[in-house]
1. State which residue pairs qualify: first residue at positive phi and inside the range 62-78, second residue outside any helix (DSSP H, G or I) and exposed (fewer than 11 other Cβ atoms within 10 Å of the Cβ) in any location, beta carbons under 6 Å apart, and separation of 6 or more residues or different chains.
2. Counting just the residues of the range 1-36 that are surrounded by 10 or more Cβ atoms within 10 Å (Cβ to Cβ) and farther than 25 Å from residue 73 by Cβ, which one comes out modelled with the lowest pLDDT?
3. What helices (runs of 4 or more DSSP H) completely inside the range 22-87 contain at least 3 residues that are more than 12 Å from the chain's Cα centre (by Cα)?
4. What number of residues in the range 43-67 are under 20 Å from residue 33 (Cα atoms) and in contact with a helix residue (DSSP H, G or I) (Cβ under 8 Å, 6 or more places away or on another chain)?
């Protein structure tokens with residue numbers, strides 16, 4: 001029959017290895033927004049928005065970028081909720 005470590009052995013190992021924990025950093029909203037919105041897909045959308053403005057259909061370009069901003073914000077809230085559960 002197997003027995004675990006003695007209490008003294010457990011304390012020694014606890015001091016040597018440290019606490020058994022995983023620190024999860026929750027990103028700042030603006031850092032996350034900048035990281036996501038500076039990816040190539042979004043850069044293409046910004047260029048497309050400028051083209052839409054020059055073609056006099058600015059409403060479509062603004063709507064596209066606004067929708068991207070809204071979905072990125074919702075994604076951040078869901079990510080933050082998941083990180084809080086892990087913590």
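1. Pairs found: none.
2. Of everything passing the filter in the range 1-36, 5 is modelled with the lowest pLDDT.
3. Qualifying helices (runs of 4 or more DSSP H): 40-54, 58-86.
4. Here the count works out to 8.
The values are calculated or read from the model by the stated rules, or taken from the named source; none is laboratory data. Because the structure is predicted, anything quoted here is derived from the model rather than measured. All Cβ positions, even for glycine, are placed from backbone atoms using ideal geometry, and neighbour counts span all protein chains on display.
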